[in-house]
Protein chains: 2
Amino acid sequence: MNLDLDHCRALDAQDPLRSLRDQFDIPADTIYLDGNSLGVMPRSAPARVAEVVTQEWGRDLIRSWNTAGWFEMPRKVGDQIAQLIGAAPGTTVATDSTSINLFKVLSAALNISARRSPGRWRILSERSNFPTDLYIAEALCKDKGWELVLVEPEEIPQALQDEKLAIVMLTHVNYRTGAMHDMTSVTKAVHDAGALMVWDLAHSAGAVPVDLTGADADFAVGCGYKYLNGGPGAPAFVWVHPRHADQCWQPLAGWWGHERPFAFTPDYQPAGGIVRYQCGTQPMISLAALECGVQTVLAVGPLGGMAALRAKSLALTDLFIQLVEARCAGQGLSLVTPREHAQRGSQVCLARAEGAYAIVQALIARGVIGDYRAGDGQHHADILRFGFTPLYLGFEDVWHAVEHLRQVLASGEWQRPEFNQQHAVT
Amino acid sequence: MNLDLDHCRALDAQDPLRSLRDQFDIPADTIYLDGNSLGVMPRSAPARVAEVVTQEWGRDLIRSWNTAGWFEMPRKVGDQIAQLIGAAPGTTVATDSTSINLFKVLSAALNISARRSPGRWRILSERSNFPTDLYIAEALCKDKGWELVLVEPEEIPQALQDEKLAIVMLTHVNYRTGAMHDMTSVTKAVHDAGALMVWDLAHSAGAVPVDLTGADADFAVGCGYKYLNGGPGAPAFVWVHPRHADQCWQPLAGWWGHERPFAFTPDYQPAGGIVRYQCGTQPMISLAALECGVQTVLAVGPLGGMAALRAKSLALTDLFIQLVEARCAGQGLSLVTPREHAQRGSQVCLARAEGAYAIVQALIARGVIGDYRAGDGQHHADILRFGFTPLYLGFEDVWHAVEHLRQVLASGEWQRPEFNQQHAVT
């Protein structure tokens with residue numbers, strides 16, 4: 001087999017998920033490898049959002065709380081997301097932001113742990129976890145007199161030996177490296193160590209198979225605007241294992257988590273189950289867009305489900321790695337993401353000692369959109385980050401993306417001054 | 001002067017704010033007296049929302065974080081809201097929900113108070129405050145070993161004598177009664193008592209003049225979807241007096257509150273000022289709709305500003321009260337909202353011992369949309385609640401609303417079975 005354009009086209013022709021691409025409106029001349037940061041717009045989104053704005057808000061006004069089911073939307077969309085993460089109906093809500101949901105579940109985990117194991121007061125995470133997770137945990141520890149311990153991934157087994165360990169908080173797929181934890185074995189090791197397990201599924205939900213119930217996880221949160229294609233700043237989600245859901249209040253005890261929110265009683269009575277993990281009124285327009293996005297992932301159901309999506313994801317990232325190594329050899333790129341399928345999410349990261357930022361900018365100018373993450377000059381190198389969303393990416397896209405990368409490197413195009421000016425925001 | 005329809009039409013003809021109504025798309029045959037629950041849709045919203053969805057998200061994708069200014073949106077819209085509440089630029093952000101923002105500022109106030117006055121550990125509020133405010137305070141007190149004290153409005157002066165009092169949390173305009181506190185004198189009394197003052201402006205921002213700076217308040221939160229016309233579940237806002245903003249972390253220490261969010265450092269360094277009161281990524285589509293709504297209120301600026309809006313608001317509510325008392329006399333309605341202008345927000349509530357729910361339903365069936373709030377069988381009667389948004393309501397609207405109310409009562413129409421079936425959500 002020749003690893004050429006014809007081969008890639010043949011792979012597309014055989015792809016059983018090819019039709020799913022028609023769910024999206026992707027700009028011409030764009031190869032979008034940033035769905036791990038902001039998923040593309042479903043074709044259904046503009047009309048659905050317009051309906052919420054002009055009909056539900058504009059015409060029906062306040063009545064839409066009843067007639068359009070606004071109040072139930074976080075639970076409805078939560079139940080849809082539940083199907084993608086191995087969660088039972090009624091255990092997930094789409095609400096607030098990932099950071100806020102993490103605060104809720106970390107606070108609950110801390111409360112539950114403090115009651116059952118008062119001598120444990122440490123939270124363990126990875127130094128390279130997405131920073132907001134670490135900030136939320138740091139602030140909570142500061143408030144409670146607990147300690148946040150940060151280690152490298154390979155140090156986790158040793159760190160689990162700590163008898164003071166109460167909670168382990170990990171992101172399933174690392175945002176920088178694309179490395180994926182084995183959710184089942186890590187959760188078991190954490191439980192064996194006497195701690196509770198909190199998973200962040202920001203780079204997992206809609207990207208890789210997740211079975212929270214099967215893994216016996218304790219708490220999980222995740223993001224709506226990455227692989228779920230929910231739109232910029234889409235509401236996030238939160239899942240709590242039913243064994244914990246009624247164990248305590250979470251501190252953001254707003255009226256949407258009340259047992260009878262419209263009784264307007266002055267005292268708080270938490271609703272049963274996941275409903276108490278709601279807080280205040282949710283942004284309905286953004287929530288409607290999120291539902292459109294979640295539906296694009298659920299559409300894989302009749303075509304083989306998350307297993308089929310995963311197979312294509314691995315085929316895409318395998319192909320990308322092979323092509324980069326074959327066609328960009330000697331250009332100073334090194335693979336950061338694990339080759340081992342079981343340890344890889346749905347993205348590929350390449351490190352380069354020099355010019356990573358400018359190379360990404362040169363690619364974006366060519367319509368190949370990935371992103372750049374700066375290193376820390378110590379543990380982590382500067383990286384080029386490429387996300388692969390199998391719902392809308394094909395094998396020919398991968399070919400062209402690598403060909404652009406090859407040209408940018410071989411020609412020295414990335415050294416042009418305009419590609420070396422830093423933006424405020426990536 | 002005869003209090004008749006011609007008089008009302010003459011008032012509309014003289015109304016200097018009449019043109020502001022053209023900013024909105026209000027359904028025909030609707031008199032909307034529920035802008036205190038969900039403001040109507042600005043005409044500008046559908047096109048602006050469509051632009052965010054199809055252009056900023058659909059076409060420009062991840063680049064919109066730079067090109068569309070998404071990251072600055074909470075501060076930009078916050079600065080617009082600031083103009084309506086007497087806040088300096090750079091002291092307000094539009095973000096998260098009212099409940100969550102209240103958690104941030106109550107936590108900060110508690111932290112600041114605990115440092116300067118360790119012997120104070122009580123939060124004072126009104127029993128009839130909007131419940132989510134009480135729930136958030138109750139959960140925080142439970143967590144911190146503090147005490148939440150609830151009193152009736154007239155008991156506040158006495159309650160300020162408490163030497164353990166740390167924080168007073170009040171809603172400026174009461175959601176049930178429409179009664180308004182004198183922000184300046186209450187804030188001064190609270191400070192004289194050695195406590196910090198937290199205001200909830202849910203029923204004030206865009207409805208009545210507010211001067212947080214002039215009143216020397218400490219913290220404030222408010223709602224985007226009522227008088228600011230920001231759309232269903234629009235993001236809320238939070239204001240912190242500059243003397244407090246850098247005093248402590250707030251507990252929802254997410255990456256949007258970090259000094260350098262895109263440096264992705266593992267440790268939290270709060271940004272200066274109000275920026276640290278941000279937490280996670282915000283729902284951009286809903287936030288864009290909120291900006292449209294805030295603009296509809298800012299449009300009163302060249303026409304006399306909030307003073308002119310307030311004058312019209314009082315004229316509308318005065319007229320409503322006069323007409324109800326003249327034309328619905330003997331029908332068992334009693335005025336709950338204060339007659340005194342200085343004590344009245346922009347709504348009027350009427351109590352009735354029987355049938356308040358059904359009367360509201362009968363009015364809604366006639367296109368006069370107010371809402372119902374159940375009493376507690378003790379302190380509070382069942383009420384009919386009517387909000388008056390002077391941006392889009394006219395004096396003729398008031399006439400017709402009262403005429404419908406008169407007919408519903410005089411004919412006994414409200415007693416029909418279909419108006420007595422309770423919905424799940426009001």
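The values are calculated or read from the model by the stated rules, or taken from the named source; none is laboratory data. All values reported here derive from a predicted model rather than from experimental measurement. Positions of Cβ are backbone-derived with ideal geometry, glycine not excepted, and every protein chain shown enters the neighbour counts. Surface accessibility is based on the protein's heavy atoms, side chains included, excluding ligands, DNA and RNA. Shrake-Rupley method; radii C 1.70, N 1.55, O 1.52, S 1.80 Å.
Observations
- Chains A and B together, accessible area buried on both sides, 1.4 angstrom probe, square angstrom: 7100
- Per-residue [θ]222 nm for chain B (sum of -39500 (n - 2.57) over DSSP H runs n ≥ 4, rounded to 500): -10500 deg cm²/dmol
- Each of A:20, B:359, B:341 was scored by the projection of its Cα onto the charge dipole of the protein assembly as shown, and the greatest displacement toward the positive side belongs to B:341; charges sit on the C-beta of Lys, Arg, Asp and Glu.
- Fraction of antiparallel bridges per DSSP, chain A only, in percent to nearest 5: 55
- GNM result for chain A, Cα springs below 10 Å: residue of A:265, A:92, A:296 fluctuating most strongly: A:265
- Accessible surface, the protein assembly as shown, averaged per residue in Å² (probe 1.4 Å): 33
- DSSP finds beta bridges in the protein assembly as shown, and of those with both partners inside it, around 55 percent are antiparallel.
- Residue with peak Gaussian network fluctuation, chain B [Cα springs, cutoff 10 Å], from B:246, B:192, B:96: B:192
- Nonlocal amide H pairs with residue A:93, under 5 Å, H built at 1.01 Å: A:238
- Local electrostatic count at residue B:300 - Lys and Arg +1, Asp and Glu -1, tallied over other residues with Cβ under 14 Å: +2
- Cβ-based charge dipole, the range A:208-308, positive-most Cα from A:221, A:264, A:293: A:293
- Accessible surface comparison of A:104, B:142, probe 1.4 Å, protein chains only, largest first: the order is B:142, A:104.
- Solution diffusion estimate, µm²/s, Stokes-Einstein, the range B:63-163, Kirkwood Rh from C-alpha pairs, 37 °C, viscosity 0.692 mPa s: 206
- Relative to the Cα centre, the charge distribution of the protein assembly as shown, modelled as +1 at Lys and Arg Cβ and -1 at Asp and Glu Cβ, gives a dipole magnitude of about 360 debye.
- Selected from B:388, B:249, B:405, residue furthest toward positive end of dipole (chain B; charges at beta carbon): B:249
- Of the accessible area of the range B:193-338, computed with a 1.4 Å probe over protein heavy atoms only, carbon and sulfur atoms account for 53 percent.
- Largest mean-square fluctuation among B:338, B:74, B:390, in a Gaussian network model of chain B whose springs join Cα atoms under 10 Å apart, belongs to B:338.
- Just the protein heavy atoms count here, and of the accessible area of the range A:1-132 at 1.4 Å, carbon and sulfur take up 50 percent.
- Average partner coverage of B:123-136, which counts Cβ from other chains inside 10 Å: 5
- Amide H contacts of residue A:344 (H built 1.01 Å from N, in plane; Pro and chain starts excluded): A:180 sit under 5 Å, all sequence-distant by 5 or more or on other chains.
- Put the Cα centre of the range A:19-64 next to the Cα centre of the range A:82-138 and the gap is 29 Å.
- When residue A:7 is represented by a point 7 angstrom out along its Cα-to-C-beta vector, the spacings to that point in the other copies are 8.9 nm, nearest first.
- Magnitude of the charge dipole, chain B, Cβ model with Lys/Arg +1 and Asp/Glu -1, debye to 20: 660
- With all protein chains modelled, accessible area of residue B:188 [1.4 Å, Å²]: 120
- Note on B:274-284: average number of Cβ atoms from other chains within 10 Å of each residue's Cβ is 6.
- Residues in the range B:1-15 that a label on residue B:325 would reach, taking backbone N under 20 Å of a point 7 Å out along Cα→Cβ: B:1-5, B:7-8
- Inter-copy spacing of residue B:375 label points, which lie 7 Å from Cα along Cα→Cβ, given in nm from shortest upward: 7.3
- Net charge in the neighbourhood of residue A:266 (other residues with Cβ under 12 Å of its Cβ; Lys, Arg +1, Asp, Glu -1) is -4.
- Cα-centre dipole for the range A:58-176 with unit charges at Cβ (Lys and Arg positive, Asp and Glu negative), debye to 20: 480
- Hull shadow area, averaged, the protein assembly as shown [alpha-carbon convex hull, nm²]: 35.6
- Across the identical copies, how the residue A:267 labels are spaced - nm, sorted shortest first, 7 Å along Cα→Cβ: 4.5
- Within the shell defined by Cβ-Cβ distances under 12 Å, the residues around residue A:413 carry a net charge of +2, with Lys and Arg each +1 and Asp and Glu each -1.
- Along the range A:292-300 the Karplus relation, 6.51 cos²θ - 1.76 cosθ + 1.60 evaluated at θ = phi - 60°, assigns HN-Hα couplings of 4, x, 4, 4, 5, 7, 4, 5, 6 Hz to successive residues, with x for each Gly and Pro.
- Centre separation in Å (Cα based) which lies between the range A:264-308 and the range B:164-242: 31
- Within 10 Å of the Cβ of each residue in B:33-46, the mean number of Cβ atoms contributed by other protein chains is 3.
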